[in-house]
Every structure is written in C-alpha cells, then in structure tokens.
Amino acid sequence: MSITIKKLGGMLGAEIYDVDLSANLDKTQIADIRRALLDNLVIFFRDQNLTDEDLVRVGKYFGELAPLPPHRQNPGSQPEILVVEKKPNDKLNFGYEWHSDTTHLPIPPLGSILYALKVPRYGGDTMFANQYVAYETLSDSVKDTLDGMRAIHGNGRIMRTLEDKVSPVRGQEAVSAAWSTDTSSHPIVRTHPETGRKALYVNIAHTQSIEGMEINESQPLLQMLYEHSTQNHFTCRFQWEKGSVAFWDNRCCQHLALNDYPGEHRLMHRVQVKGTKPI
Ligand code: SIN
C-alpha cells in the first residue's frame, strides 16, 4: 500500500496520509486512493497546498471532469473549478441540506473533490452519510416496495431558496435557466457500478416525487427515506482546516455542509469527476 489510511468512523470516512497531491501521483498511488474511496465512501487529506491546476490534475486521475453550472464556475483560468463560498454577510451556504450532488442531471457526478482555501474560525464542518447502510437497514418489505421504483430529481427549489441569500460567483443573470428547470428520473435504489452494492439514492434537496405518483402521494414514503438515510449513526463529520481536501463518492453517500458560522468567510474550490447513468 502506497498510502496510510486511518478510519474516521465505523460507517464511512477515512483520512489518507503520506500523499502530497501537489506532486504528480503514480499509478499505484492513484489505484490505492481509488480503492480507499470505494472502501470508505469519503476520504480526506490534510495539509495540502494546491493550485487550481493541481486540483484539476488530481480530479483527472479519477476520470473526465464533469461540466459545471455556469453560475458556479470559477471566474479564473480553470473553468473546471466550481467555487463553494459563503461570505460573511451571506445567510445560506451551498449544500446546507442533505444531498448527493446535482442529481437533477441525467448523469450526476461520480464524486467531488473539495479543497479548503479559507475556513471559518469555528464551524463549517461537513457531514457525510453512508447510503449502502441506509439501504441495507430497511426492512425487506420496504426493499420490495422500492424495487424498480424511480424518483424525479430537480434543482429548482434549491436555486430559488439560495437566490439573494448567497453571493453569486458570477452575476445572477448568468444562471442558466436549464440548471434550475431540468429534471431527471433515477432509480430509488441504485447499484454502484464499481462495488456492485445497492445504495439508497434519494435526497431531500433534489428529489421531488416518485415517478408515476403525485407529489403529495410521494411525500410520506420519501420523507421516511430522507429521515432513515441520514440518521446520526450512519454518518461521519469532518472538521476542515485550510489545506484539507475531501473526496466523496456521490454514488453511495450523501453530504451536508453545516451552516453554523454566521459572519465568517469560508471558501472552497471543487472539481467533479464525471459519473455514469445511475442504474
Ligand atoms: C457541497 O455540498 O458540495 C458543499 C460541501 C461543503 O461545502 O462542505
């Protein structure tokens, strides 16, 4: 093993040591990091010193990078970088509800790599929840009910909620209408393309309804799944420092960025690795 792995919790999450992401990684290191991601669902690196070019290079070790919404793109030289920022006067932060990233898209990302440039003096942790265990701990009756069911995912509610409560990276006029109105249908239980394990695949931020049902008919079942899937004992919590990196597998975990640092500034840069159609 070319890396050192220290588990952060019993359900998911591990810190990875002995890797300098600012240097070129060799095939063994990349394979070991990928294995660590598959085994732990989310992995963390400390004390990194990355340029945007480094972050893009690291992302590309794990696949093609995913396209970004126009209003979140880095105004700088690397368009693949997504800016996650909460300024001191902003009321809300991106990702304050439990979610998997951009499940309103037909092909949501495989995963995201988030790098901390500026962290608040306190707060601003990110939580992650294991969606394999969320599925496995459902009763057989509920598993049978969910078999073959699909849900519709959208982004409109989040876009409307964040409007005026966060500073846009670019002018709000640059928000593409498609990113707020697009919807996609995904299986409620997806099979991970690399591990073959089944994971629950609904989230309160994006999932709107169960396919073939009205919104009010869908809500009781979806609400039960949201609560079930994010129970404290399925989670781990990461406390950021400047230079920390998190790499999560969007196919089998949800995450939530805590909004508990009013008046503070938090700035992260992220790349997203392209995924495959959920099946
Ligand atoms: C996100 O939801 O992608 C942001 C996570 C974070 O800021 O910790």
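Return yes or no: is Q208 away from the ligand (no atom under 16 Å from the Cβ) and not in a loop (DSSP other than H, G, I, E, B)? So Q208 passes the test. The residue that is nearest to D125 (Cα to Cα), counting only those in the range 1-48 that are in contact (Cβ under 8 Å) with a residue 24 or more places away in the chain and small (G, A, S), is G13.
Residues being under 17 Å from the mean Cα position of the chain (by Cα) and small (G, A, S) are represented in the range 85-101 by at least one member. Checking each residue in the range 25-42 for being out of contact with any strand residue (DSSP E or B) (no Cβ under 8 Å at 6 or more places or on another chain) and not acidic (D, E) picks out L25, K27, T28, Q29, I30, A31, R34, R35. In the range 214-225, the count of residues that are surrounded by 13 or more Cβ atoms within 10 Å (Cβ to Cβ), at pLDDT 95 or above and within 17 Å of the chain's Cα centre (by Cα) is zero. The set of residues from the range 1-24 being of a type in the set (A, V, I, L, M, F, W, C), part of a loop (DSSP other than H, G, I, E, B) and in contact with a strand residue (DSSP E or B) (Cβ under 7 Å, 6 or more places away or on another chain) comprises I3, L8, M11, L12, V19, L21.
Those helices (runs of 4 or more DSSP H) of the range 69-169 in which 2 or more residues are modelled with pLDDT of 95 or more and more than 11 Å from the ligand (Cβ to nearest atom) occupy 131-136, 140-146. Applying the condition of being part of a loop (DSSP other than H, G, I, E, B) and within 13 Å of the ligand (Cβ to nearest atom) to the range 242-263 and asking which residue is nearest to L12 (Cα to Cα) yields N250. Among the residues of the range 10-30, the ones that are surrounded by 14 or more Cβ atoms within 10 Å (Cβ to Cβ) and farther than 17 Å from S244 by Cα come to 5 in all.
The values are calculated or read from the model by the stated rules, or taken from the named source; none is laboratory data. Just so it is clear, the model here is predicted, and its values are computed rather than measured. Here the Cβ is made from the backbone with ideal geometry for all residues, glycine too, and neighbour counts use every protein chain on show.
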